[in-house]
Amino acid sequence: MTTDRMVHLTIDDQEIGCPEGWTVYEAATAAGIHIPTFCHHEKLVPVGACRMCLVEIEGTLGLQTSCTAPVREGMVVRVHTSPRAVEARRANIEFLLTNHPLDCPVCDKGGECPLQDQALLDGPGNSRYVEEKRHKSKRYPLGEFIVLDQERCVLCWRCIRFLDEWAGDHELDLFGRGAGTRLTTFQGRPLTSKWQGNTIDICPVGALTSRIFRFEARVWELTNTPSICPLCSVGCNTFLGVKNNEVRRITPRENPEINDVWVCDKGRFAHSFVDHPERLTTPLVRRDGKLEPATWSEALDVVARGFKAVLDQDGSQAIAGLGSTRVSNEASYLFQRFVRSVLQTNNLDHLERMPSGATPLQSLPNLEHRDVIVLLGADPSTEAPLVELWIKKAVLRHGAKVIVINPHKIELSRYGGPWLGYRPGSGLALLNSLMRALLDTGLRDRTGRATNVDEVRAWLEPFGPDRVERTTGVQAAAIRQAAELLAQAKQPIILYGPNWLLEGPAGSAALLPTGAPSEQRAGLVRPALDLVANLALLLGGVEAGFVPWDHNTLGALEMGVAPDLYPGQQPVTDNRVRSRMASFWGSALSPVRGLDFDGMMVAAREEGLKAMWILGADPARHCRVAGNLLGQIPFLVVQDLFLTDTASLAEVVLPATSFAESDGSAINLTGRLQAVTAAKYPPGQARADWWIITQLARLMVPPKQQRAWAFSSPQHVLDEMAKVLPGYRNLDRAAMLAGGWQPPRPQEAQRRVFTRVNAVTPKEDPEYPLVLCTGRLLYDRGALLHHAEPVQHVVPEGYVMIHPGDAGQYGLADGDGVSLVSRAGRLRSTVRVSDEVAPGTVFAPLNVNDAPLSVLFDDRWTWPRVQVVK
């Protein structure tokens, strides 16, 4: 363990100072003294297995492995000045090469291989071994993503240790004895870890190689461009390896504040959508009922004339814009600016919008130091894998416990804490019960900052664990176990996800009038947020962080893609803010709160919405109501990578660039602003989102206002963003490009009062006795991954998971073909019987069925009740 105390030692006659707790290898490396090694990796626990780092330490018998030898005051070490150590390392290299195949010209590791480098630097330079080499399995697939060449393996243990120490997936090991020792999986089972691709990076030879990148290119042929992963909200730092204008591989780029040196397999292998042949390459305009290719000038002219016609005939309230969490900040900023200043409306929204009151996670590395992690309706393993990896580090290295509050049992449920598997709709009652159990443990020392603790005790009286057991389906003992863990925790944290927010509408559904406006429905998310804040306050004001699903969720909100918020989440009803925005944008702005997405669909049903521009979203697939109503909008414009379900309904389709083809920026789940850099040219005539928006604006605005839209690059857009967004005036561009810039967090008043939340038990429905809950899988058939063929091999067929007790009651067995039926629709699926779902609940993953699960939903705010029919 490293301390602040310094130790002084001598290495090869060089005086060196380093912190106490360092190893000799670390001290020498920091001083620029080369010591070869194969088994050592700075992110793994040292084991001294390869014996390549042998050094002579004065006063110590025999040579020592420098990667495991701690430094001591006054120590004298000889690395290159010791003939014995030099010869031992040279002999070790020679022994390794006796059976290692000399196939560097065809090995994917060639050009970045530590064995190659060290054979030249520290080895004999030639081999005296002329006998037949020992043979083992070659081209041995360990799963869908990795190929093993056992002959190349030098038994360094790196891959095994990474999966054990970081991923918690003990799927690789060494088998056999002596010269017959080999690396393989248990009983030949395929690797399933979502982190297996990292073993390719840390393998010091070419034993583990990527099945996707295999023989695609030599590493020196690749142009490696720094970028970030667009497939979840973490924003892992990566390198895009491009050859001949195709992304051939993605590798992690070190960033200690986000992904350390790792990346999940989805981020590594699911990149082929970028170069997919079905990418849109030319604008499309509907003629005689059919979408046909057009030039950019033709397509933009049609869009401009269509929008102007609606503005002239029906007014600005008959037009709307729907943005996306998949596009860059620059695109989102210009999109909302166009809708507000050119189309003169605040009818603006994006799907999966982060609700007002949800707070971002403060730091990813800090998760390592939490002793109890509460997961409320969040599944980091599938939704934000690097969050899972930091949690696992806390568990595997420091003994942290994980409390899972979710109707569906998730992977992180296996780490020491209870799983509170509640029936959907009873989550508010469950959290009230957990708080009641916490108070029963005696938390007076933590609740001192709150002013109404006695009132809370009275509120929570009806929510004793024994009383809510029947309502929630969670055993009272499990609730009390979770309360005891939290009561003893010194550094707990609460993480909650989008699924938890549905507990607000579900738990308050009885209070919602039929046909209530969309903003009232959205307001029902508030109780779920209030209860999270209550629990955090009860634990002493601990952090409660929201974990969104999508890439740029915070960015879309921060850029103002919302009906009531300008950039920087400034209210559109504030006259001073509106006046300031109008001066920047050179146009008068509407003071009226616009329609959100649900309001837009109501307007479409009532034939009040005449035109709509959708940027990077596919609501027709993700929302049943939208799929029916978008086709009724007379003038629909869609801008996307593929001809999606929504794009197929449009009058004009504009081909956009992917994250690999345009510069820009994005904001990850901690609020860190990161740069996105173009690594290749776009296909055909596809253009960057920001360019399309500015070109259309210049066609529509008066000549005097065209200068306000004369942006020449995303950096030019960022200049304006830095002036408009509060807190961005001191934007550090160098930091943003290097590893991300974290804007200062606004000082929030410490919460001191609990908010009363009345939990309403949802009504039973004998005709539809089960509640459907959903969630994301790591690999699915969503908008992007559907076009990433290498990962489609691991996407399961659609299924519905049901508890054994419910399966027995309804006569269902594993593998039965069934229909999920709700009042809204019907969907075919296959039964999985499992105790990993709460009784009275069925779980079906999103984006794996041929038809979307949205066909079963009446709206986006409540879990549907269903029956399962053979």
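The values are calculated or read from the model by the stated rules, or taken from the named source; none is laboratory data. The structure presented is a predicted model; accordingly, all values stated were derived computationally and were not measured. Heads up, the Cβs are rebuilt from the backbone with ideal geometry, glycines too, and the neighbour counts pull from every protein chain shown. All accessible areas refer to the heavy atoms of the entire protein, side chains included, with ligands and DNA or RNA removed. Shrake-Rupley method; radii C 1.70, N 1.55, O 1.52, S 1.80 Å.
Points to keep in mind about this one:
- Screening the range 607-708 for strands (runs of 3 or more DSSP E) wholly inside it with 3 or more residues that are touching a Gly at 6+ places or on another chain (Cβ under 7 Å) and assigned by TED's automatic domain parsing to the domain that holds Ala299 returns the ranges 611-615, 635-640.
- Flag if Asp169 is among the acidic types (Asp, Glu), part of a loop (DSSP other than H, G, I, E, B) and open to solvent by less than 50 Å² (accessible area, probe 1.4 Å): yes
- The range 38-61, residues that are among the small types (Gly, Ala, Ser) and more than 27 Å from Val205 (Cβ to Cβ): Gly59
- If you go through the range 415-428 and keep only what is of a type in the set (Ser, Thr, Tyr) and surrounded by fewer than 24 Cβ atoms within 10 Å (Cβ to Cβ), you end up with just Tyr415.
- Residues satisfying the stated conditions in the range 40-77, i.e. in contact (Cβ under 8 Å) with a residue 60 or more places away in the chain and surrounded by 23 or more Cβ atoms within 10 Å (Cβ to Cβ): Met52, Val71, Val77
- Pro124 vs. criteria without any contact (Cβ under 8 Å) to a residue 60 or more places away in the chain and either surrounded by 16 or more Cβ atoms within 10 Å (Cβ to Cβ) or farther than 30 Å from Ala400 by Cα (or both): yes
- When residues of the range 770-818 are limited to those that are of a type in the set (A, V, I, L, M), within 30 Å of Gln196 (Cβ to Cβ) and assigned to a loop (DSSP other than H, G, I, E, B), the one nearest to the chain's Cα centre (by Cα): Leu778
- Matching residues, the range 351-372, being of a type in the set (Val, Ile, Thr) and surrounded by 24 or more Cβ atoms within 10 Å (Cβ to Cβ): Val372
- Answer residue from the range 264-284, given it is touching a helix residue (DSSP H, G or I) at 6+ places or on another chain (Cβ under 7 Å) and surrounded by 20 or more Cβ atoms within 10 Å (Cβ to Cβ) and is farthest from Glu112 (Cα to Cα) among those: Pro283
The rows are residues; the columns are (1) of a type in the set (Phe, Trp, Tyr); (2) buried (at least 19 other Cβ atoms within 10 Å of the Cβ); (3) in contact with a strand residue (DSSP E or B) (Cβ under 7 Å, 6 or more places away or on another chain).
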residue: Trp613; (1), (2), (3): yes, yes, yes
residue: Ala626; (1), (2), (3): no, yes, no
residue: Ile633; (1), (2), (3): no, yes, yes
residue: Ala656; (1), (2), (3): no, yes, yes
residue: Ser665; (1), (2), (3): no, yes, yes
residue: Gly671; (1), (2), (3): no, yes, yes
residue: Trp709; (1), (2), (3): yes, yes, no
residue: Val717; (1), (2), (3): no, yes, no
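- Pairing each residue of the range 638-652 that is touching a residue at least 60 places away in the same chain (Cβ under 8 Å) with any residue that is surrounded by fewer than 24 Cβ atoms within 10 Å (Cβ to Cβ) and basic (Lys, Arg), provided the two are 6+ apart or on different chains, yields C-beta distances under 8 Å for Leu641/Arg279; Phe642/Arg279; Thr644/Arg621; Ala650/Arg286; Glu651/Arg286; Val652/Arg286.
- Unique residue being open to solvent by 30 Å² or more (accessible area, probe 1.4 Å) and outside any loop (DSSP other than H, G, I, E, B) when the list is Leu389, Leu412, Leu396, Leu375: Leu396
- Hits in the range 762-782 (condition: surrounded by 16 or more Cβ atoms within 10 Å (Cβ to Cβ) and charged (D, E, K, R)): Arg776, Asp780, Arg781
- The criterion of at least 2 residues that are touching a Gly at 6+ places or on another chain (Cβ under 8 Å) and under 30 Å from Thr646 (Cβ atoms) is met, among strands (runs of 3 or more DSSP E) falling completely within the range 181-287, by 246-252.
- Against the numbered list (1) charged (D, E, K, R); (2) open to solvent by 30 Å² or more (accessible area, probe 1.4 Å); (3) in contact with a Pro (Cβ under 6 Å, 6 or more places away or on another chain), Arg729 comes up short only at (3).
- Test: residue in the range 827-842 that is part of a loop (DSSP other than H, G, I, E, B), of a type outside the set (D, E, K, R), more than 21 Å from Asp379 (Cα to Cα) and open to solvent by less than 30 Å² (accessible area, probe 1.4 Å): no
- For the range 502-580, the helices (runs of 4 or more DSSP H) that sit wholly inside it and include 1 or more residues that are modelled with pLDDT of 90 or more and open to solvent by less than 10 Å² (accessible area, probe 1.4 Å) are 526-538, 553-558.
- Pairs where the first residue, in the range 83-95, is under 21 Å from Leu155 (Cβ atoms) and the second is of a type in the set (Phe, Trp, Tyr), C-beta under 8 Å, 6+ apart: Glu94/Tyr129
- When Glu246 is tested against (1) at positive phi; (2) in contact (Cβ under 8 Å) with a residue 60 or more places away in the chain, only condition (1) is not met.
- Of all residues in the range 1-24 being open to solvent by 50 Å² or more (accessible area, probe 1.4 Å) and not in a strand (DSSP E or B), the one that is modelled with the lowest pLDDT: Met1
- Of the residues Ile11, Ile35, the single one that is closer than 25 Å to Ala207 by Cα and not aromatic (Phe, Trp, Tyr) is Ile35.
- Taken together, the criteria place Leu609 among residues that are crowded, with 24+ Cβ neighbours inside 10 Å and touching a helix residue (DSSP H, G or I) at 6+ places or on another chain (Cβ under 9 Å).
- For the range 738-749, the condition holds for at least one residue, the condition being that it is open to solvent by 30 Å² or more (accessible area, probe 1.4 Å) and not in a loop (DSSP other than H, G, I, E, B).
- For Leu431, the conditions (1) touching a residue at least 60 places away in the same chain (Cβ under 8 Å); (2) surrounded by fewer than 23 Cβ atoms within 10 Å (Cβ to Cβ) are fulfilled apart from (2).
- Only one of the numbered conditions (1) surrounded by 14 or more Cβ atoms within 10 Å (Cβ to Cβ); (2) over 18 Å from Gly48 (Cα atoms); (3) modelled with pLDDT under 95; (4) not aliphatic (A, V, I, L, M) is violated by Gln118, and that is (2).
- Residue in the range 782-801 that is at pLDDT 95 or above, more than 24 Å from Pro852 (Cβ to Cβ) and touching a strand residue (DSSP E or B) at 6+ places or on another chain (Cβ under 8 Å) present: no
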